[in-house]
Amino acid sequence: MPAQPPAAVAAVPPNVIQIERLLTRISYLTGRSRQHERLMAETGLSVDRASVAILRHIAESEPIRPGVLAVRLSVEASHVTRQLRQLENAGYVIRIPDPDDRRAQRIQITEAGLAAFGRIREVGRRGIETALDDWSREDLRRLADLFNRLVDDFVAHGESAIDTRPAG
């Protein structure tokens, strides 16, 4: 007989359990290596998955310190340093002086990096468009609205402190 879930888990509403499973599945499907290989083939680029995530973040922000980037991506600083070295070698990012601290540096995307990111974004958007091709405009609008709400709520609740005290 399988182990019974703790009472706290059993109290989770079925819809929340389903949403968690679906978000996990979406994350898996979009992060698969086969998906990444297809993306690289269609863009004509050779960037690993972790570097794509970093390039995306840098492209959508102001020049940023590597340590801040690591915190925002929830990864170790050494991981970001390795990926940044690859992106620098490819000519996609450069290091610039931090105007607030002359000892520090920030990472800035280059024109080549913007072009690469543009190709990645375009191919990714076409893939989503193809997958959702038979959805009505109203369903797409509702999905976008709900995703916006979900992200806003995740951000708002992610900032609150986690209570690690045992229940009881």
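The gain in end-to-end length when the Q18 to A144 segment is fully stretched comes to 43.5 nm, 0.36 nm per residue minus the alpha carbon separation.
How much net charge surrounds D98 when only the other residues with a Cβ under 10 Å from the Cβ of D98 are counted, with Lys and Arg +1 and Asp and Glu -1? List each step's numbers first, then the result.
Values: positive: R65, R95, R102, R103, R106; negative: D100, D101.
After counting each charged neighbour, the total is +3.
Helix-only arithmetic for the chain: the sum of -39500 (n - 2.57) across DSSP H runs with n ≥ 4, divided by the residue total, places the mean residue ellipticity at 222 nm at -20500 deg cm²/dmol. By the Cα gyration tensor, region 11-72 has an equivalent ellipsoid whose semi-axes, rounded to whole angstrom, run 28, 20, 8 from largest to smallest.
Under a Cβ-Cβ cut-off of 12 Å, what is the net charge of the residues other than I54 that fall near it, where Lys and Arg count +1 and Asp and Glu count -1? Don't jump to the answer; show the numbers that get you there.
On the way: positive: R49, R56, R72, R82, R85; negative: D48, E60, E88.
With Lys, Arg at +1 and Asp, Glu at -1, the neighbours total +2.
Taking a ≥ b ≥ c as the square roots of the eigenvalues of the alpha carbon gyration tensor, region 44-116 is oblate, as a/c is not under 1.5 and a/b does not beat b/c. The packing ranking, built from the mean of other Cβ atoms within 10 Å per residue, places the peptides 152-158, 35-41 in the order 35-41, 152-158, highest first.
Less than 5 angstrom separates the built amide H of A104 from those of D98, all sequence-distant by 5 or more or on a different chain.
Please report, largest first and rounded to whole Å, the three semi-axes of the ellipsoid equivalent to the chain, where each semi-axis is the square root of five times an eigenvalue of the C-alpha gyration tensor. Could you put the intermediate results ahead of the total?
Values: eigenvalues 223, 122, 51 Å².
Those come to 33, 25, 16 Å.
Evaluated with a Cβ-only charge set (Lys, Arg +1; Asp, Glu -1), region 1-100 carries a dipole of roughly 360 debye about its Cα centre, given to the nearest 20.
Net charge near R125, counting Lys/Arg +1 and Asp/Glu -1 over other residues with Cβ under 13 Å of its Cβ? Before the final figure, lay out each step's value.
On the way: positive: R56, R119, R121, R126; negative: E42, E122, E129, D133.
In short, 0.
Values quoted throughout were computed directly from the atomic coordinates according to the rules given, and no laboratory measurement underlies them. Keep in mind it's a predicted model, so treat the numbers as computed, not measured. Please note: Cβ atoms are built from the backbone with ideal geometry, for glycine as well, and neighbour counts cover all protein chains shown.
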